[in-house]
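Worksheet for the structure shown next.
The values are calculated or read from the model by the stated rules, or taken from the named source; none is laboratory data. Since the structure is predicted, the reported quantities are computational estimates derived from the model, not experimental observations. Note that each Cβ is placed from the backbone with ideal geometry, even for glycine, and that neighbours are counted across all protein chains shown. Surface accessibility is based on the protein's heavy atoms, side chains included, excluding ligands, DNA and RNA. Shrake-Rupley method; radii C 1.70, N 1.55, O 1.52, S 1.80 Å.
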Amino acid sequence: MNIQQVFDTWRAFPTMPELLREQMDAMAGDPEAIRGAFGGELQFGTAGLRGVMGPGPNRLNIYTVRRAALGMAAWLKGTDLPQRCAIAYDSRHNSRLFTEVCACAFAENGIETWIYHELAPTPMLSFAVRSLNCGCGIVISASHNSGEYNGVKCYGPDGCQMTDEPAKVVMGKIQSVPALSEPASSFDELLVSGDVRLLPHSVWEDYYRVVLAEGLRLAEVPDAGLKVVYTPLCGTGNKPVREVLRCIGVDVAVVACQEQPDGDFKTCEYPNPETDEALRESYKLAAEVPCDLILGTDPDCDRIAVAVPVDGGFRKLTGNELGCLLMDYILRTRREFGDLPEGAFCVRSIVTTALADRICEKYGVGIRTVLTGFKWIGGEILKEEQQGREDRFVFGFEESCGYLKGTYARDKDAVVAAMLTCEMAAWYKRQGKDLARAMDEIYAEFGYTLAKVQSVELKGVDAMEKAAALMQNLRANTPNSLAGFPVDQVLDYQAGTVRTASDGAVKPLGLPSSNVMELSLSGAGRVIVRPSGTEPKVKFYFTAVAPERESAEARLGELAEEMKQFVPAD
């Protein structure tokens, strides 16, 4: 069928909800709008589906969600995994509705289906998959995207986001499912019959218990009198973060205008912890209520932002900085306690600061580098778990504000990160320091390793093609030098090779294939370029290393300026 025929088929579907029908009526005379919504299909990958909500196969709606869930159910039925699924959802528009759609799809396939009775963080879904021995799990969320987005994040039996091989199978199953279909029974009917069940409250309590067990000096926290300003950014963190901080004796003031769920995110249009904008309302409250720390969790509460009051203003820690602080604190404390296991290791992604490597080296702990995406960190834990030695995993993090201590979940967890950050802040406070000063001391010890991320959004229905062309151009025209430093190594993660500029030698990279390029400037820094797996964006990761902050900052600017040559014009 051509685009117009697809549009007409959807418009004529007899049970189409009135809202979707009205939206199609409104775009009937707009060929570009029809092309955007009906000229393609949302692609299922290891992160599931993510897209703007609305009618059409290239938008997220009850039909595209149902089709994805039916495909995933068909995959699960073809495995020897437990025929059981857990589902969680966040505060976005339609998240509860999409949860019910998924639950119906799994239940009608004879799969035991459990859902959280109210919105819950992504890491709680990862925990539930593991604790209930599920074959798979789903979170309805678009993470930190703006309010018009939603998504279906898919998890395997180990609580990690789905890996490449099962995702390809699911994608094939989806293609065999009709684009438009209706469930035989309603969600309410399935709930009454017991084919869909609500997760027991004991799962919440068990989650709190295992998170609190990851603390190191929790008994000392109340004595510090720590005061925190916290925002859940209208998302799922409000209850669990506040409950865990209450348990450890932290005084929490919540940003009132961002306390309750709000799918519009009216006070923070783009609720991304990586941006300073995400904490704007928190800074207003912190200017009125004295505090030691500001915390903000994104809508599905798997990532966290942290800022420190400094000299009448606020210093927001980068994701790299908080990760290094937590890593240093955890390793320091566990070495002091004498409970670092033999073979202990931490994990970071390839785009995360190499400063973490030097911290691990200081404490005699291994560091593993994996591809971007927390599933790869979870995969390293799984390798150890299969050998009965998962206790060797100490800490893992990504520069995009995602952290995990412990093996109870296999995704980043802002709840445990909030708890550990407060414990760490309380420990430093008793020494007369704040986290800003602690970070500066790490820089003074190891040198300034500063990072900057530039996210280039590509416009139009051919945005993904533009991203592919950008990467092709970079491979064909790789610069020989950047910011006055020679590019000494070129790492092509798609080809799986490392090429040394001095002699042209090519060696295997030893990681799974991924469409990523890294240009190394020896000890002076690096540039990594990576298309987003879920959005029409290409990310540039710049790193500069220098003895002084000013030199590192200047070099970051130079790297960003020189790489503009690869950014396509609109």
(message) Quick check: pseudo-label points 7 Å beyond the Cα along Cα→Cβ at ALA554 and GLN386, how many nm apart are they?
(response) 5.0 nm
(message) Under the rule of at least 5 residues apart or a separate chain, name every residue whose amide H is placed under 5 Å from the amide H of VAL347.
(response) ARG368, PHE395, GLY396, PHE397
(message) Among SER176, THR231, SER202, whose Cα projects farthest towards the positive end of the dipole of the stretch 153-248, with charges put on the beta-carbon of Lys, Arg (+1) and Asp, Glu (-1)?
(response) THR231
(request) Report the label-to-label distance for ARG368 and ALA569 in nanometres (one decimal), using points 7 Å from each Cα along the Cα→Cβ vector. (result) 4.7 nm
(message) Ignoring everything except DSSP H segments at least 4 long, calculate the 222 nm mean residue ellipticity for the chain; use -39,500 (n - 2.57) per segment, divide by total residues, nearest 500.
(response) -11500 deg cm²/dmol
(request) Could you pull the accessible area for HIS201 with a 1.4 Å probe, rounded to 10 Å²? (result) 110 Å²
(request) Report the FRET efficiency, 1/(1 + (r/R0)^6), for GLU288 and THR79, where r is their Cβ-Cβ distance and R0 is 56 Å, rounded to 0.05. (result) 0.55
(request) Please state, as a whole number in µm²/s, the translational diffusion coefficient that the Stokes-Einstein equation yields for the stretch 491-570 at 10 °C and 1.306 mPa s, with Rh defined as the Kirkwood radius across alpha carbon pairs. (result) 112 µm²/s
(request) Largest first and in whole Å, give the semi-axes of the stretch 370-433's equivalent ellipsoid, each being the square root of 5 times a Cα gyration tensor eigenvalue. (result) 26, 14, 9
(request) Using only protein heavy atoms and a 1.4 Å probe, report how much of ILE111 is accessible, in Å² to the nearest 10. (result) 0 Å²
(message) Suppose each label sits 7 Å from its Cα in the direction of the beta carbon; what would the SER186-ARG209 distance come out to in nanometres?
(response) 3.8 nm
(request) Using only Cα atoms, locate the centre of the stretch 383-401 and the centre of the stretch 140-201, then give the distance between them in Å, rounded to an integer. (result) 27 Å
(message) To make sure I understand the rule: partners must be lysines, Cα under 25 Å from the Cα of LYS227, and not fewer than 8 residues away in the same chain. Which ones qualify?
(response) LYS239, LYS284, LYS316, LYS405, LYS412, LYS429, LYS433
(request) Using the charge dipole of the stretch 410-489 (Lys, Arg: +1 at Cβ; Asp, Glu: -1 at Cβ; taken about the Cα centre), state which of MET464, GLN431, ALA483 has its Cα farthest towards the positive end. (result) GLN431
(request) Collect residues whose amide H, placed 1.01 Å from N in the peptide plane, falls under 5 Å from the amide H of ARG59; neighbours closer than 5 in sequence don't count. (result) LEU42
(request) Divide, for the stretch 17-84, the radius of gyration over alpha carbons by 2.2 N^0.38 Å, where N is the residue count. (result) 1.36
(request) With no solvent and one equal point scatterer per Cα, compute the Debye intensity ratio I(q)/I(0) for the stretch 432-556 at 0.12, 0.21 Å⁻¹ and report its log10, rounded to two decimals. (result) -0.55, -1.19
(request) Select from GLY215, PRO240, VAL255 the residue farthest towards the positive end of the dipole of the chain; place +1 on Cβ of Lys and Arg, -1 on Cβ of Asp and Glu, and compute about the Cα centre. (result) GLY215
